[in-house]
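Undergrad: Would you mind keeping the following structure in view while I ask a few things?
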Amino acid sequence: EDGYYTVVASNGGCFKESEPYEFGNPEPPPVTGIENGNNPEFVLNIYPVPSPGHRIQVLVRSPKTDPVLIEIIDAMGRICYSKTLDVSTLMHGAELVPSATLYDGIYFLRATQADICARKKIIVNNDR
């Protein structure tokens, strides 16, 4: 049966259990957070930190020439901003101007280029 298994070896009163290993195709583990998406070839920087909700600077460095989808996501998982930009524009830094000012709080910026994705937290503080 598919699942995670361990091996137990015993000798007399002593025993040792192995690390769990996967057999077959079990269900993926539950999502417990957002991965940073760290990829040494795809670099995502956001400034200033904290950012005002009406102006966010984004810098992307990538060896690929594919366009990059930039999304700002709120804490409830709703996409508040979405735009596809040329990587050449993002390599020199691009200013994102959401159509509506983002409220104070924590957001996530997701940059996706082909099969690469990077995520960073954004702290929005409109009093800056």
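The values are calculated or read from the model by the stated rules, or taken from the named source; none is laboratory data. Just so it is clear, the model here is predicted, and its values are computed rather than measured. Heads up, the Cβs are rebuilt from the backbone with ideal geometry, glycines too, and the neighbour counts pull from every protein chain shown. When the accessible area is computed, the model is the full protein with side chains, heavy atoms only, and any ligands, DNA or RNA have been set aside. Shrake-Rupley method; radii C 1.70, N 1.55, O 1.52, S 1.80 Å.
Undergrad: Once the Cβ-Cβ distance between ASN125 and ARG61 is put in as r, and R0 is 25 Å, what FRET efficiency do you end up with, to the nearest 0.05? Write down the numbers at each step before the final one.
TA: Numbers: r = 26 Å, r/R0 = 1.05.
Taking R0 as 25 Å, the efficiency between ASN125 and ARG61 is 0.45.
Undergrad: Follow-up question, since we're still on this one. Which percent of the accessible area of the chain is formed by carbon and sulfur heavy atoms (probe 1.4 angstrom)? Write out the running numbers ahead of the final one.
TA: Values: 4600 of 8800 Å².
For the chain, the apolar C and S fraction of the accessible surface comes to 52 percent.
Undergrad: Okay, next question. Below 8 Å between Cα atoms, with a sequence gap of 6+, how large is the relative contact order for the chain in percent? Walk me through the intermediate numbers first.
TA: On the way: 253 pairs, mean separation 31.7, N = 128.
This gives 25 percent for the chain.
Undergrad: Still on this structure, please answer the following. Any idea what % of Cα-Cα pairs in the chain are farther than 19 Å? Working shown, then result.
TA: Working: 4783 of 8128 pairs.
The share of Cα pairs beyond 19 Å in the chain comes to 59 percent.
Undergrad: Quick one: accessible area per residue over the chain, 1.4 Å probe, rounded to a whole number of Å²?
TA: On the way: 8800 Å² over 128 residues.
Spelled out: the 1.4 Å probe surface of the chain, per residue, equals 69 Å².
Undergrad: Now, a different point. Counting other Cβ atoms within 10 Å of each Cβ, which GluC sites (Glu not before Pro) in the range 40-121 have at most 14 and sit in a DSSP loop? Before the final figure, lay out each step's value.
TA: Values: sites: GLU41, GLU71, GLU95; in loops: GLU41.
Listed in order of number, the matching sites are GLU41.
Undergrad: With a point put 7 Å past each Cα toward its Cβ, work out how far ASN11 is from HIS92 in nm, to one decimal.
TA: If labels sit at ASN11 and HIS92, their model points lie 6.9 nm apart.
Undergrad: Would you mind telling me which residue in GLY77, GLY93, GLY53 has the biggest mean-square fluctuation in a Gaussian network model of the chain, where springs connect alpha carbons within a distance under 10 angstrom?
TA: GLY77
Undergrad: Aspartates and glutamates near LYS83 by alpha-carbon distance under 15 Å, same-chain residues fewer than 8 away left out - which ones?
TA: Reachable aspartates and glutamates: ASP66, GLU71, GLU95.
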